[in-house]
Amino acid sequence: MSEGVEWALHSCLNLAWIGSERAITAARLASYHELPPAYLNKQLQALARAGIVTSVSGPKGGFRLARGLDRITLMDVVAAVEGPDEAFRCTEIRQKGPGAGPPEAYAAECAIAGAMGRADLAWRRELMAQTLDDIRVRAEIQAPAAAERLRHWFANV
């Protein structure tokens with residue numbers, strides 16, 4: 001999974017803490033965590049295409065959340081940034097090379113592909129079961145001053 005997923009998740013949480021009344025540019029969001037603005041903008045555009053954030057044009061433009069954190073799952077963000085494809089792609093190498101047998105010698109599903117598919121499904125179910133609001137609650141318990149520190153920084157920059 002790319003670092004863009006981490007950046008997108010933090011950006012969503014930061015936008016929630018800032019509030020829906022303000023749109024924040026990718027450059028300002030990037031500067032808060034010292035990230036490259038162009039790359040973060042790419043992640044934010046992916047979130048916008050997925051309907052997770054909205055993009056606002058104009059001098060007071062930027063990004064804001066399109067819906068509440070309780071309606072955004074971790075899987076929503078991962079799929080927006082990484083795409084919907086499974087993490088493991090079986091290319092049937094078992095049927096290639098000097099050890100390959102005739103096609104009828106192979107089970108319909110490769111044992112490795114089956115195991116990886118089940119793991120991928122479990123991972124996706126776990127990500128679908130957690131919302132960004134669950135993460136917000138945990139983050140505010142772990143770092144009670146984080147939201148206020150962030151709001152103060154954005155208000156004074």
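Any read-out appearing in this document is the output of simple, stated calculations on the displayed coordinates, not a laboratory observation. These figures come from a predicted structure and were not determined experimentally. A quick note on method: Cβ atoms are made from the backbone with ideal geometry, for glycine too, and the neighbour counts reach across all protein chains shown.
Per-residue extension of 0.36 nm, minus the Cα-Cα distance of Arg149 and Glu6, leaves a gain of 49.5 nm for this segment. Note on the chain: with a GNM built from Cα contacts shorter than 10 Å, the maximum mean-square fluctuation among Asp85, Asp133, Asp120 falls on Asp85. If R0 equals 35 Å, the separation of the Cβ atoms of Glu92 and Gln45 corresponds to a calculated FRET efficiency of about 0.50.
Can you give the net charge of the other residues whose Cβ lies under 12 Å from the Cβ of Ala23, counting K and R as +1 and D and E as -1? Present the calculation step by step, with values, prior to reporting the outcome.
On the way: positive: Arg22, Arg28, Lys60, Arg64; negative: Glu21.
So the surrounding residues net to +3.
Could you work out the relative contact order of the chain? I mean the mean sequence separation of Cα pairs under 8 Å and 6+ apart, divided by the number of residues, in percent. Don't skip to the end; give the middle numbers.
Values: 160 pairs, mean separation 43.1, N = 157.
It comes to 27 percent, rounded to a whole number.
Any idea what angle helix 37-49 forms with the longest principal axis of the chain, computed on alpha-carbon atoms, 0 to 90 degrees, nearest 10? For helix 37-49, the angle is close to 70 degrees. Using only Cα atoms and rounding to the nearest 10 degrees, what angle (0 to 90) does helix 111-129 make with the longest principal axis of the chain? Here the helix axis deviates by roughly 20 degrees.
Against the main long axis of the alpha-carbon atoms of the chain, helix 132-142 sits at an angle near 60°.
For the chain, adding -39500 (n - 2.57) for each run of n ≥ 4 DSSP H residues and dividing by the number of residues yields -17000 deg cm²/dmol at 222 nm. Computing Kirkwood radius over Cα pairs in Å directly from the structure and comparing it against (1) 15.6; (2) 18.5; (3) 17.7 singles out (3). A cut-off of 5 Å between modelled amide H atoms, ignoring neighbours fewer than 5 places along the same chain, links Ala66 with Val53, Thr54. In the range 64-130, Cα pairs under 8 Å separated by at least six residues give a relative contact order of 53 percent. Under the convention that each Lys and Arg Cβ holds +1 and each Asp and Glu Cβ holds -1, the size of the dipole of the chain around its Cα centre is about 520 debye.
From a point 7 Å beyond the Cα of Glu21 in the direction of its Cβ, which residues of the range 59-83 have a backbone N at a distance under 20 Å? Inside the label zone: 59-69.
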